[in-house]
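Accompanying notes for the structure given below.
The values are calculated or read from the model by the stated rules, or taken from the named source; none is laboratory data. This is a predicted model, so every value here is computed, not measured. Cβ placement follows ideal geometry from the backbone for every residue including glycine, while neighbour counts extend to all protein chains displayed. Surface accessibility is based on the protein's heavy atoms, side chains included, excluding ligands, DNA and RNA. Shrake-Rupley method; radii C 1.70, N 1.55, O 1.52, S 1.80 Å.
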Amino acid sequence: MEELSVQSKIIKSVYFSQEDGRLRICFKNGEERLFEGVPSSEAHAMTVAPSPGHYYLDRIRTRFRRLAA
């Protein structure tokens with residue numbers, strides 16, 4: 001997985017795998033979420049959004065399948 005740079009109040013780090021479309025989001029509160037089937041365009045759009053946290057809530061959390069951590 002490749003680490004993507006992100007500036008966010010709630011997201012600590014983001015990792016994305018081009019091979020399988022898995023997106024790992026590590027939050028500043030210690031929680032971690034892993035999603036599959038995420039297009040690279042969505043992963044990168046989240047990292048450059050004015051609010052990556054809001055982008056996650058609106059575009060990632062409800063649209064892609066979450067895997068058990």
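Which whole-Hz ³J(HN,Hα) couplings does the stretch 5-13 yield from phi under the Karplus relation 6.51 cos²θ - 1.76 cosθ + 1.60, θ = phi - 60°, glycine and proline marked x?
6, 8, 10, 8, 6, 10, 9, 7, 7
Which option, (1) 27, 18, 8; (2) 16, 13, 12; (3) 18, 11, 10, is the value of semi-axes √(5λ) of the Cα gyration tensor in Å that was calculated from these coordinates?
Correct label is (2).
Solvent-accessible area per residue for the chain at a 1.4 Å probe radius, Å²?
Each residue of the chain exposes 62 Å² on average to a 1.4 Å probe.
What are the ³J(HN,Hα) values, in whole Hz, obtained from phi via the Karplus relation 6.51 cos²θ - 1.76 cosθ + 1.60 with θ = phi - 60°, for each residue of the stretch 52-68 in sequence order, with x given for Gly and Pro?
Computed from phi, the couplings for the stretch 52-68 are x, x, 5, 4, 4, 5, 7, 10, 9, 3, 9, 9, 10, 6, 8, 9, 5 Hz.
When the Cα centres of the stretch 1-25 and the stretch 32-67 are compared, how far apart do they sit, in Å?
Computed from Cα coordinates, the inter-centre distance equals 9 Å.
Which is the longest run of the chain containing none of the trypsin sites (Lys or Arg not before Pro) found in DSSP loop states (not H, G, I, E, B) with at most 16 other C-beta atoms within 10 Å?
No qualifying site falls inside 29-60, the longest such stretch.
So what is the calculated 222 nm ellipticity per residue for the chain, using -39500 (n - 2.57) for each DSSP H run with n of 4 or more, over all residues, to the nearest 500 deg cm²/dmol?
-4500 deg cm²/dmol
Multiply the residue separation of Glu19 and Glu36 by 0.36 nm, subtract the distance between their alpha-carbon atoms, and state the gained length in nm to one decimal.
5.0 nm
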